[in-house]
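Asks: Quick one: the structure is below, questions incoming.
Since every read-out is calculated from the coordinates, none of them should be taken as a lab result. All values reported here derive from a predicted model rather than from experimental measurement. Neighbour counts are summed over all protein chains in view; Cβ atoms, including those assigned to glycine, are modelled from backbone coordinates with ideal geometry.
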Amino acid sequence: MKTLQQAIVHFSDRENCRQFMVFMRWPDGVPRCPYCDATKLTWMAKANQYRCYGDHPKQKFSLKVGTVFEDSPIGLDKWLPAAWLICNCKNGISSYEIARALGVTQKTAWFMMHRIRMAMWEKSFYKMGGNDGGPVEIDEAYVGGEPKNRHKNKQFARQNPPTVQTLNGLRPKNKTGRLTDKIPVFGMLDRETRKVRTQVIPEVKRGVLMDAILANIEKRSTIYSDGLRDYIPLKAMGFIHDTVNHVQEYVRGEVHTNGIENYWSLLKRGLKGTYIAVEPFHLHRYAEEQAFRYNNRATKDNPLNDADRFMLAISQISGKRLTYAELTGKVGETETFQFARLGRTTETREEETLDVRLNSFSASSAALISECGT
Ligand SMILES: [Zn+2]
């Protein structure tokens, strides 16, 4: 498989989908029951399901159970090409385009895209920079609307929006839920691994930035930033810190933040052109989607192609779930990592939480109707 066209043709066959999913989900090629881990299973081709002989409810399960595709009525023949599209569109793709390409409604496409973004999210357990003090570029950016064009009163209202309490913290109380003001995002680029990591932050403030840096960058690393005063404590905190003054210069030898700025321009272009309006609540997923493409772009030493990016995203589908309720802010997000692939750490989920989430999802998927914006 090299092209989207080939992927669509390949995955239109159920048996091809099954073989592919088994290959991606179980490195040894032996499918296991998601509930009891048994390997004694029967494939029921007509029902497109496995049957387990273990003593537990839900003996029949599809290949989507335990992945971001779980409990969705959409077949793998649409899920897999959708993932291919999202992984490989440089500036992102809108839910309208996905809907047209795959013959699903825009609302369905919107939900599918958020789940696929979940798979694209590379949860990293290592810190950037590393022990050899490899350089890390850091930068903050404001992503979203255009405050400069606003009327003064409106500017005030936007800077002090009414908020509502949700389980995920404060959320702007805004009828349409649209992104109406710029949202600060903090970004870090490890120059050695050439990987970007981002974090949506409540505000650009010393404490917030230092927390993000300490959580993601190894001490004694070299950090390059702009001249923002909030970065001054970095030296005292045990980092090697050098800045470029953007008023006078942009590059001084190794000291620049061009890499992370390149990522910002991709993110902003994607948000502007493709995702006409993004809720602040979802911004981190768009940032992660763009980070996935950025981190897995083709380079001289690492000539990844479309199929590689697709395979990488699919290898990350297991154990991650995003329900509609979570997506719309009704309950907290749950992320579990079940199958260790590509060296990721595992965290086995408990059956109890699985059941809770399965139940909550059945109810929520029925409600897949409202609040689908972009
Ligand atoms: Zn079982």
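Asks: Please identify the trypsin sites (Lys or Arg not before Pro) of segment 27-118 that satisfy two criteria: DSSP loop assignment and at most 15 other Cβ atoms within 10 Å. Which are they?
Replies: Those that pass, being in a loop and sparsely packed, are Lys40, Lys46, Lys58, Lys90.
Asks: Loop-only check: which chymotrypsin sites (Phe, Trp or Tyr not before Pro) in segment 27-97 are DSSP coil with at most 15 other Cβ within 10 angstrom?
Replies: Passing sites in segment 27-97 are Tyr53.
Asks: Could you pull out every residue, at least 5 positions away or on a different chain, whose amide H is within less than 5 Å of the one on Ile201? Hs are placed 1.01 Å off N in the peptide plane, and Pro or chain starts have none.
Replies: Hits under the 5 Å cutoff: Val185, Phe186.
Asks: Here is a further query. Are any of the pairs Lys90/Lys195; Lys195/Lys300; Lys60/Lys107; Lys78/Lys268; Lys2/Lys90; Lys205/Lys235 more than 19 Å apart by Cα-Cα distance, and if so, which?
Replies: Lys60/Lys107; Lys78/Lys268
Asks: How large is ³J(HN,Hα) for each residue in segment 25-41, as worked out from phi by the Karplus curve 6.51 cos²θ - 1.76 cosθ + 1.60 (θ = phi - 60°), to whole Hz, x for Gly and Pro?
Replies: Values, residue by residue: 8, 10, x, 8, x, 10, x, 10, 5, x, 9, 10, 6, 5, 9, 7, 10 Hz.
Asks: Rank these for me by crowding, Ser95, Ser124, Ser265, going from fewest to most other beta carbons within 10 Å.
Replies: Ser265, Ser124, Ser95
Asks: Within segment 223-275, report the trypsin sites (Lys or Arg not before Pro) that DSSP leaves as loop and that have at most 15 other Cβ atoms within 10 Å.
Replies: Filter output for segment 223-275: Lys235.
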